[in-house]
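**Q** Sharing a structure below in structure tokens format, with a few things to ask.
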Amino acid sequence: MTKVPLRLAGLLAIALLALVASLLVGGSYVAPGDLLYALAHPHANTDVVTILWQLRMPRVCIAAVVGAELAIAGALLQGLLRNPLVDSYLTGVSPGAAAAIALSVVAGIAAPALPAIGFVAGLGTAMLVAAFARRGAGLDAIRLILCGVSLSALFSAVVTLVLTRAGADYAAQILAWLAGSTAGRGWHDLFFTLPYAALGLAFALVAVPALNVLRLGETRATAVGVNVARTQWVILIAAALLAASAVAVSGSIGFVGLVVPHLARRVVGGDARALLPASAFLGAALCAIADAASRSIAAPAELPVGVLLAFVGVPTFLYLYLNMQKVARA
Amino acid sequence: MIALRNAAIGIEGRTLIAPATASLASGRFVAVLGPNGVGKTTLLRVLSGALRPIGGEVRLGDVDPAALAPLERAHRVAFVTSDDAPVEGLTARDVVASGRYPFHRWWEWSENPGDTGAIDGALAAVGMDGFAERRFETLSSGERQRIWIALALAQEAPVVLLDEPTSHLDVRVAHEILALLRAQARAGRTIVCAMHDINDAATYADMLMLLGDERMLAFDVPERVFTASLLERAYGIPMEIVRAASGAPRAFAIGSASGAYPGS
């Protein structure tokens, strides 16, 4: 168990390396030396400074924050519901936001307002699902999952309907958002999302000791004094804030919230004190690298981050997960 | 230490046990006996404060356990449930450490010396100190039950309620667990244990609480509870009472060769 802090430090190092690496690549080639100079002199008046500080840096930071948010939200919900198949979007955050964005685009609402609309709609959907899943003072896990899945289906249908009826221009704009992307995001997007991310993280931290005891099941957690109903709400609100603020700036990025907590659990174990930071580091690293790849693979065109994550991430995850299981069994 | 005062026990509008009064003193091992579905678990839940009685009152020391905040309650009463939710990825020690939850504010994340002493002491008390770093899911049923009891001990509550802790255990392990519980009672804790083996209960418990026929039929020392008529009334099957060489009473159900119980 003393190895855990060391492993966390290793994951943090990986995350930082991924951030630096993804700053180095992009649509246009810039010599690493020039980039390092620009990194050290943010106020110099060169093109490289503009590329690094106005184009790449905000995107990389946003990708890392979004990855960390989705991974933490996934870890929280998997722990709360004791269900490994749950992800950050369980409560319909992503389809809810997508439906609102699609309708807003068609209604002609200006692009800068979309993140706020996505955030409010995502959070609202999560709260609606939670309201349906209420049982006594707390939440019913099965009902939460069922309501989340059904509302997700409903809102996905709304998006499909809008896509089929809207003109090609609108559809392209909506699709770009649906695919999950950090293209064209700047500092203001990051600053928009950070307060909600911080609030979600604060809620998550409050629930850490209870989350650990919940690994024994709700009955036993109750017996040692965990207020299970209150913990359920705290965790749900934390996860909804984190997922909604991620969705607001980057659209629908799947896979991270489901998979990263599993990988993190294999590295540091299931203790929430280690699992949450480990998930954050891995999620940040994964999304930063995916963002770099999305900018460089087909440059100057951009591939959506969400698509890349699925193409590269899913086979990698399956390989790692299945092999590690074999090793564990042997 | 813990008392029922004219308390009626029920769940979902159904009365399971008519109003009953009993006082469970500190340092006693009380076994709760009765057929399946009679309300043993519900009674334990009422004693723990997780459920209110449908009439009368329950006193835990000088308070109503149901009125306590969850954390406050956890300091006063520990509950070893028969819940068998799977536990994965935890060591035996991790499980026992959960008993220290009520001693921490939400920002106190790390184990303090008091926790270490309580956890290691609890593991030693149940004879599992050599198993601390074993994965919980690799333990046998008896070892797991010891760990659940250690969790309750680490909680340092004066009252420990247990729901059928010996039900799926072999004879020897069951006796070891019961001896362990009796030792805890001798050390000053109040032990209330729902169980099915009436003879084990008579061997280890100081007091038997016999439930049946929708009431508390008896709350007394084993010697007085072990009468054919009381046990027959509780379990609905003829009983024969005999004496072990030690003088302790033993009860046996009398079946019949036809497979039907006489009188049924």
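**Q** By its C-alpha gyration tensor, with a ≥ b ≥ c as the square roots of the eigenvalues, how is region B:38-111 shaped: rounded for a/c under 1.5, else prolate for a/b larger than b/c, else oblate?
**A** Oblate shape, in that a/c is at least 1.5 and b/c is the bigger or equal ratio.
**Q** Is there a simple number for the mean count of other chain Cβ atoms within 10 Å of the Cβ of residues in B:102-115, and what is it?
**A** For this peptide, the per-residue mean of nearby foreign Cβ atoms is 2.
**Q** Sticking with this structure for a sec: Which log10 I(q)/I(0) values does chain B give at q = 0.10, 0.13, 0.15, 0.17 Å⁻¹ under the Debye formula, counting every alpha carbon as one identical point scatterer?
**A** -0.52, -0.87, -1.11, -1.35
**Q** If you take the C-alpha gyration tensor of region A:7-134, multiply each eigenvalue by 5 and take the square root, what semi-axes do you get, largest first, in whole Å?
**A** 35, 23, 9
**Q** Okay, next question. How many partner chain Cβ atoms sit within 10 Å of a residue's Cβ in peptide A:268-281, on average, as a whole number?
**A** The per-residue average across the peptide is 1.
**Q** Take every Cα pair under 8 Å in chain B that's 6+ residues apart, average their separations, divide by the length, and report that relative contact order as a whole percent.
**A** Taking the mean separation of contacting Cα pairs over the length of chain B, I get 23 percent.
**Q** So what are the protein assembly as shown's ellipsoid semi-axes, whole angstrom, largest first, if each one is the square root of 5 times an eigenvalue of the alpha-carbon gyration tensor?
**A** Result for the protein assembly as shown: semi-axes of 58, 26, 20 Å.
**Q** Which value results for Rg/Rh of chain A when Rg is the Cα radius of gyration and Rh the Kirkwood radius based on the inverse mean 1/r?
**A** We get a ratio of 0.98 for chain A.
**Q** How many Cβ atoms of partner chains, on average, are near each residue of A:206-219 if near means within 10 Å of its Cβ?
**A** Shielding by partners across A:206-219 averages 5.
**Q** Under 13 Å from the Cβ of A:P5, count the other residues' Cβ atoms, weight Lys and Arg +1, Asp and Glu -1, and hand me the total.
**A** Once positives and negatives cancel, what remains is +2.
**Q** Right, here's the next one. Helix B:113-125 versus the longest principal axis of chain B: what angle, 0 to 90°, nearest 10, using Cα atoms?
**A** 40
**Q** Cα centroids of region B:13-91 and region A:124-154: how far apart, whole angstrom?
**A** 31
**Q** Hey, another quick one. For region A:248-330, what does the convex hull of the Cα positions come to per residue, in cubic angstrom?
**A** For region A:248-330, the hull spanned by Cα atoms encloses 92 Å³ per residue.
**Q** For region B:1-155, just the Cα set please: Rg and Dmax, both in angstrom.
**A** 17.2, 47
**Q** Nearest 10 degrees, 0 to 90: what angle lies between the long axis of helix B:171-186 and the longest principal axis of chain B (Cα atoms)?
**A** Helix B:171-186 sits roughly 70 degrees off the main axis of chain B.
**Q** Output the peptides B:75-87, A:87-99 sorted from most to least packed, where packing is the average of other Cβ atoms within 10 Å over each peptide's residues.
**A** A:87-99, B:75-87
**Q** While we're on this one: So which residue, out of A:L201, A:L190, A:L175, gets the largest mean-square fluctuation from a GNM of chain A using Cα contacts under 10 Å as springs?
**A** Most flexible of the set in this elastic network: A:L175.
**Q** First select every other residue whose beta carbon is under 15 angstrom from the beta carbon of B:G37; then total the charges, Lys and Arg +1, Asp and Glu -1.
**A** Neighbour charge sum, excluding B:G37 itself: -1.
**Q** If you don't mind, there's one more thing I want to ask. Can you give me the span-like helices of chain A, meaning DSSP H runs with 18 Å or more of Cα extent along the axis and Kyte-Doolittle mean at or above 1.6?
**A** Helices passing the filter in chain A: A:3-24, A:57-81, A:93-106, A:114-132, A:141-165, A:228-250.
**Q** Amide H of B:G212 versus every other amide H placed in the peptide plane: which residues, excluding those fewer than 5 positions away on the same chain, fall under 5 Å?
**A** The answer is B:L217.
**Q** Let me ask something additional. Which of A:L263, A:L39, A:L211 moves most in a GNM of chain A, Cα contacts under 10 Å?
**A** Looking only at A:L263, A:L39, A:L211, the biggest GNM fluctuation is shown by A:L39.
**Q** What 222 nm value per residue comes from the helices of chain B, counting each DSSP H run with n ≥ 4 as -39,500 (n - 2.57) and dividing by all residues, nearest 500 deg cm²/dmol?
**A** Helix contribution divided over all residues of chain B: -9000 deg cm²/dmol.
**Q** Using the Cβ atoms and a cut-off under 12 Å, what net charge is assigned to the surroundings of B:A218, where Lys and Arg are +1 and Asp and Glu are -1?
**A** 0
**Q** If we count other beta carbons within 10 Å of each Cβ, what is the order of A:T222, A:T193, fewest first?
**A** Ascending Cβ contact count within 10 Å gives the list A:T222, A:T193.
**Q** Considering chain B as a Gaussian network with a 10 Å cut-off on Cα pairs, which listed residue, B:L44, B:L231, B:L169, attains the greatest mean-square fluctuation?
**A** Maximum among the listed residues: B:L169.
**Q** Could you work out how far helix B:141-154 tilts from the main Cα principal axis of chain B, as a 0 to 90 degree angle to the nearest 10?
**A** Rounded to the nearest ten degrees, it is 60.
**Q** Using only DSSP helix segments of four residues or longer, with each worth -39500 (n - 2.57), what per-residue ellipticity at 222 nm results for chain A after dividing by its residue count and rounding to 500?
**A** When only DSSP H runs of four or more count, the value is -24000 deg cm²/dmol.
Coordinate-derived values only; no laboratory data. These numbers come from a predicted model, not from an experiment. All Cβ positions, even for glycine, are placed from backbone atoms using ideal geometry, and neighbour counts span all protein chains on display.
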